[in-house]
Amino acid sequence: MTTGTLITVAPTGAESAKAEVPALPVTLDELLLTAKECEALGAAVIHVHIRDDEAKPTLDQGRLRETVAALRAGTDLIVQLSSGGAVTDPEAARLAVLDAGPDMASCTMGTLNFGDDVFLNRWEFIVDLHTRMQERGIVPEYEIFDLGHLTALQRLLGKYGLPAGGHVHVDFVMGVPGGMSGTTSALVAAHQALRDLPEGTTFSATGIGRSTIPVMLASLSAGGHLRVGMEDTVTYAKGRPVESNMQLVARAVGFAQLAQRPPLTTAEARDLLGLPTTGR
Ligand code: KMH
Ligand code: ZN
């Protein structure tokens, strides 16, 4: 049965510079305001990267904890911290993200070229992330940048068991130079490959840059969920910079409603993802 649509907002990311994208939320106040407004529009999950006082990406433990606490106090959103960080972040700092006690954390399922950089995700590192999340009751979102990442996920679950909560949720991140393309045919291929994962596995999809709209439409039509936000897209339409994350969430909500799959509430999203009914 097709359900409503889980909408995740990824408001900041690690790649865009505040100087080039002034609307990017980089301070805790900006992030919290964005979170509240996106929740009011229909987002249920927030995928969080944080910045330092110079607006540079950071995995500072104090800031991460403060951010989780502020989002919990100010919203009902499911808080998903990025364990991917920036391509320059060391593995130890990426693992330590879990110490901030989020509801969820991302877990990228393999190494890939990432534009001109390399996003390194060694097998042993993936195993560490997965098993530590199991031990701590943190629900992973497995980030799938390429088809082979689904094969790696099948291997991971076969060897180390299901994630906390017992439900498997993946996110297809499409259109990164070095990963799968942001096209309907790539989404169909990834969707078909889910057959090899546990029954009931759910997926979201996001298309980087101009692939955002084709990926959204393809995901909705295939029964998938949506991730949108300025981490992935800073241009709303040709020649029009994104004004705010709310603009992107509002568009996703409109598309979901057109598909007669309205946004899931945070309570419904918790149920779907195998999270406890209320936050920590
Ligand atoms: N910033 C990318 C290198 C994640 O959040 O887990 C990694 C990324 C994936 O954004
Ligand atoms: Zn991210």
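The values are calculated or read from the model by the stated rules, or taken from the named source; none is laboratory data. These numbers were taken from a predicted model, which means no experiment stands behind them. Cβ coordinates were reconstructed from backbone atoms using ideal geometry, including for glycine residues, and neighbour counts include every protein chain displayed. Ligands, DNA and RNA are excluded from the accessible area calculation, which covers all protein heavy atoms including side chains. Shrake-Rupley method; radii C 1.70, N 1.55, O 1.52, S 1.80 Å.
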Residue span R65 to Q247: 0.36 nm per residue of separation minus Cα-Cα distance leaves a gain in nm of 62.8 nm
Given a Förster radius of 25 Å and the C-beta distance between Y160 and L120 as r, what FRET efficiency does 1/(1 + (r/R0)^6) yield to the nearest 0.05? 0.80
For region 67-204, which semi-axes, largest first and in whole Å, follow from the square roots of 5 times the eigenvalues of its Cα gyration tensor? 23, 18, 15
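Once you have the Cα-Cα distance between A40 and L28, take 0.36 nm times their residue separation minus that, and quote the gain in nm to one decimal. If you can, show how the numbers build up before the last one.
Working: separation 12, 0.36 × 12 = 4.32 nm, distance 1.83 nm.
Fully extending the segment from A40 to L28 adds 2.5 nm.
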Taking GluC sites (Glu not before Pro) as exposed when in a DSSP loop with at most 12 other Cβ atoms inside 10 Å, the chain has its longest clean stretch at 55-198
What FRET efficiency comes out for A73 versus D271 if R0 is 22 angstrom and r is the Cβ-Cβ distance? Round to the nearest 0.05. 0.45
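Could you look at region 162-253 and say what percent of its accessible area is carbon and sulfur, using a 1.4 Å probe and all protein chains? Before the final figure, lay out the partial values.
Numbers: 1980 of 3590 Å².
Solvent-exposed carbon and sulfur of region 162-253 make up 55 percent of the total.
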Using a cut-off of 13 Å between beta-carbons, work out the net charge of the residues near L248 (Lys and Arg +1, Asp and Glu -1, L248 not included). -1
For the chain, build the charge dipole from Cβ charges (+1 Lys, Arg; -1 Asp, Glu) around the Cα centre, then report which of Q80, W123, A256 sits farthest towards its positive end. A256
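Using the Kyte-Doolittle scale, find the helices of the chain whose mean hydropathy is at least -0.5 and whose Cα atoms extend 24 Å or more along the helix's long axis, counting only whole DSSP H runs.
Working: long enough: none.
Helices meeting the criterion: none.
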Using the C-alpha atoms of the chain, what convex hull volume per residue, in cubic angstrom, is computed? 113 Å³
Probe 1.4 Å, all chains present, heavy atoms only: V87 accessible area in Å², nearest 10, is 50 Å²
In region 1-91, if every C-alpha pair distance is counted and binned at 10 Å from zero, what percent goes to each bin? 16, 50, 27, 6, 1
Would you mind counting up the charge near V26? Only other residues with Cβ under 13 Å from its Cβ, with Lys and Arg at +1 and Asp and Glu at -1. -4
Principal axis box of region 86-163, alpha-carbon based, largest edge first, Å: 35, 27, 18
Tell me the mean residue ellipticity at 222 nm calculated for the chain from its helices only (DSSP H runs of n ≥ 4, each -39500 (n - 2.57), averaged over every residue, nearest 500). -11500 deg cm²/dmol
P(r) histogram, all alpha-carbon pairs of region 201-250 included - 5 Å bins from 0, percent: 5, 23, 31, 24, 12, 5, 1, 0
So if I place +1 on the C-beta of Lys and Arg and -1 on the C-beta of Asp and Glu, and nothing else carries charge, what would the dipole magnitude of region 124-182 be about its Cα centre? I want it in debye, nearest 20. 180 debye
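Net charge near G62, counting Lys/Arg +1 and Asp/Glu -1 over other residues with Cβ under 15 Å of its Cβ? Could the numbers behind the result be given before it?
Details: positive: R51, R63, R65; negative: D52, D53, D60, E66, D99.
Combined, the nearby Lys, Arg, Asp and Glu give -2.
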Tell me, what is the per residue accessible area of region 33-116 in Å², probe radius 1.4 Å? 37 Å²
Kirkwood hydrodynamic radius of region 18-69, Cα pairs, Å: 11.7 Å
Using 5 Å bins from zero, what percent of all Cα-Cα pairs in region 135-280 falls into each bin? 2, 9, 19, 20, 20, 16, 9, 3, 1, 0
Magnitude of the Cβ-charge dipole (Lys and Arg +1, Asp and Glu -1) of the chain about the Cα centre, nearest 20 debye, reported as 580 debye
Rolling a 1.4 Å sphere over the protein heavy atoms, what is the accessible area per residue of region 122-267, to the nearest Å²? 42 Å²
Stretched fully, the stretch from L258 through Q192 gains (0.36 nm per residue minus C-alpha distance, one decimal, in nm) 21.3 nm
